[in-house]
1. Gap in Å between the Cα centre of the stretch 45-89 and the Cα centre of the stretch 12-39?
2. Which of rounded, prolate or oblate describes the stretch 1-88 when judged by the alpha-carbon gyration tensor and an a/c cut-off of 1.5?
3. Run the quick spin-label model on Glu63 and Asn42: label points 7 Å from Cα toward the beta carbon, then report their separation in nm to one decimal.
4. Can you list residues from other chains, or at least 5 along the same chain, whose modelled amide H is less than 5 Å from the amide H of Phe18?
5. If amide hydrogens are placed 1.01 Å from N in the peptide plane, which non-local residues have theirs closer than 5 Å to the one on Leu94?
6. If you rank Val91, Val58 by fewest surrounding Cβ atoms within 10 Å, what's the result?
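Every number here is computed from the coordinates shown, using simple stated rules; none is lab data. None of the values given here were measured: they were computed from a predicted structure. As a convention, Cβ positions derive from the backbone with ideal geometry for all residues, glycine included, and neighbour counts pool all protein chains shown.
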Amino acid sequence: MIQVFHTEDHYILQDGDFTLWCSRTTGALEPKKGIDLCSAWNPVCIGMVYGVIGKVKVHPESEWSLLLIKQRAHVGRIDRHDIYKIHKIAVIPLSGNEPGELDLELCRMHHFGIKKASLAGPDGSTGKQIQKKLKSIKIAASENIKPKNKESKDKDKFIKRIMEELVKMFNESDSFYFSETFDLTNSIHKQYSSSYSQKNSFGKGLTKGSFGIII
């Protein structure tokens with residue numbers, strides 16, 4: 001499984017000797033070596049996932065969001081390659097805002113004996129609780145100063161609706177599958193031919209450590 005780390009500037013996904021750095025300011029994705037995690041400032045493990053679908057931006061003024069596979073179901077094999085169905089996804093906003101409750105599977109290495117992953121503050125309260133309180137204060141203050149206009153409200157509703165439908169599509173349609181070792185976009189016959197090259201296929205992201213999947 002892939003460990004998910006949270007820092008002030010990035011979400012970092014680690015799979016063995018590889019890491020994927022996801023910027024919380026620009027939405028840029030940058031692959032690095034696993035040892036580069038040591039250079040991150042105060043990384044906190046927030047859980048584990050089974051794979052990365054990609055990032056999405058549903059509106060020109062919306063933030064980038066990272067789509068991760070947090071639950072899967074084994075459905076069979078193709079020539080000794082395990083095939084999985086996506087059961088549930090997690091959406092992480094690539095912004096300075098906290099992602100809310102992700103309910104990711106806990107990493108035994110970093111959360112031994114802990115029931116839920118949380119970002120603890122110095123007084124024992126969780127970072128999420130603190131961020132939520134601060135956010136509520138900021139929202140209340142901004143609403144008192146200047147109410148949202150109709151156009152802004154409509155935009156927010158649109159973004160929220162699209163994201164909800166996107167999550168529902170992955171979680172409820174039973175239509176998205178992936179394999180960690182097999183290219184689902186090409187037939188077995190083609191993959192075993194001498195002319196086949198995974199580098200030139202849509203499945204080029206399937207190699208270990210590249211964090212890509214096929215859906």
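1. About 17 Å separates the Cα centre of the stretch 12-39 from the one of the stretch 45-89.
2. On the way: a/c = 2.33, a/b = 1.37, b/c = 1.70.
It is oblate, given that a/c is not under 1.5 and a/b is not larger than b/c.
3. Inter-label distance under the simple model: 1.8 nm.
4. Correct list: Gly34.
5. Long-range HN contacts for Leu94: Trp64, Ser65, Leu66.
6. Details: Val91 19, Val58 16.
So the ranking, lowest neighbour count to highest, is Val58, Val91.
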